[in-house]
Every structure is written in C-alpha cells, then in structure tokens.
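First comes the structure, then the notes that go with it.
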Amino acid sequence: MNRRTSSLLFSASLLLGAAGTAHAALPTEATLYMNPECGCCHEYARQLEEKGVSVTIIDDVEVGKIKQQVGLPYGLGSCHTTLMGDYAIEGHVPFEAVERLFQERPEVGGIGLAGMPIGTPGMPGPKRGDWDVYQFTDQEPMPFMTL
C-alpha cells in the first residue's frame with residue numbers, strides 16, 4: 001500500500017470514529033417532576049420522548065424538595081426538574097446541551113436553564129437572545145454552554 005492510500009485510510013477511520021462518538025446515547029428513561037398546573041412541562045416530556053426517552057411524569061410531590069435534593073443553585077430554577085441517568089436536568093434545557101452532557105459525562109450533579117425562555121423545548125415562540133446553560137454540583141453553578 002502506498003503512502004497516500006495509507007494516509008487516506010487513516011483519515012477516513014478518524015472521521016468514522018469521530019462520527020460514531022458525536023452523539024452519545026441518551027438514557028432510555030427519565031423522571032420529570034413538575035407542578036400539576038404547568039402545561040409546558042408536558043410538552044418538554046413529549047419532545048424528550050420523541051428522542052427515544054420514556055418519561056415518567058410525577059406531579060404530586062413538592063418540586064422544591066426535589067430541587068433541593070439534587071443540589072440546584074438557589075435562584076436558578078425553572079418549572080420542572082428531570083432526573084435522567086446520573087444527572088438532574090433543570091428546566092427547558094435545549095436537547096443539544098442534554099446530548100453534550102451525556103457525551104462528555106462531566107462530574108457534576110446536572111445542568112439547567114433558569115426560567116422558562118421562549119423558544120426552548122416546550123416553550124412556544126421564536127428564540128430570543130442567548131441561552132446560558134449552567135452546570136451545577138452542591139448548589140454551585142458554573143457555565144456549561146451558551147446556545
């Protein structure tokens with residue numbers, strides 16, 4: 001085999017290997033904790049199910065206690081908390097960030113997006129501005145990614 005062919009085969013194998021790891025598999029199950037009056041939480045769950053995740057919705061618990069148990073930073077909450085794999089996902093986190101979380105698997109308690117930004121999964125309307133997704137452990141937030 002000549003040098004050019006070897007180089008092309010090596011490059012192709014790198015590209016195929018990168019393509020194979022570009023999308024980490026999401027867990028197959030999740031539990032979403034919400035207040036029973038919130039409709040956007042059901043839409044987030046529906047969109048997550050479209051990604052192949054079976055979602056159990058629990059709306060008869062005090063959601064604030066769940067947020068406290070997972071170590072959510074004070075003031076950065078949203079309307080629902082989802083437990084998926086080893087992580088908590090707070091609020092309407094775009095699925096690009098959720099997929100990155102499971103691809104990189106950082107040693108954190110979870111990721112979140114404060115409030116209920118328009119245009120995020122489950123929230124109708126066009127995107128307005130940047131979304132600052134944070135990661136957290138023991139109530140301490142740090143930047144994760146901006147979308």
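Some notes on this structure:
- Sequence-distant residues sharing a close amide H with His80 (under 5 Å, placed H): Gly91
- Summing charges over all other residues whose Cβ lies under 14 Å from the Cβ of Gly52, with Lys and Arg as +1 and Asp and Glu as -1, gives -2.
- Under the combined filter of DSSP loop state and at most 16 neighbouring Cβ atoms within 10 Å, segment 23-108 retains these chymotrypsin sites (Phe, Trp or Tyr not before Pro): Tyr74.
- For Ile57, distant residues with modelled amide H under 5 Å away: Leu32
- Distance histogram in 5 Å bins (all Cα pairs of segment 27-146, percent per bin): 2, 12, 25, 27, 22, 11, 1
- ³J(HN,Hα), Karplus 6.51/-1.76/1.60, whole Hz, each residue of segment 48-63, x for Gly, Pro: 5, 5, 4, 8, x, 9, 7, 10, 9, 9, 10, 10, 10, 10, 7, 4
Every read-out reported here was derived from the displayed coordinates using simple, explicitly stated rules and does not represent laboratory data. Keep in mind that what you see is a predicted model, and the values were worked out from it rather than measured. We place every Cβ from the backbone using ideal geometry, glycine too, and count neighbours over all the protein chains shown.
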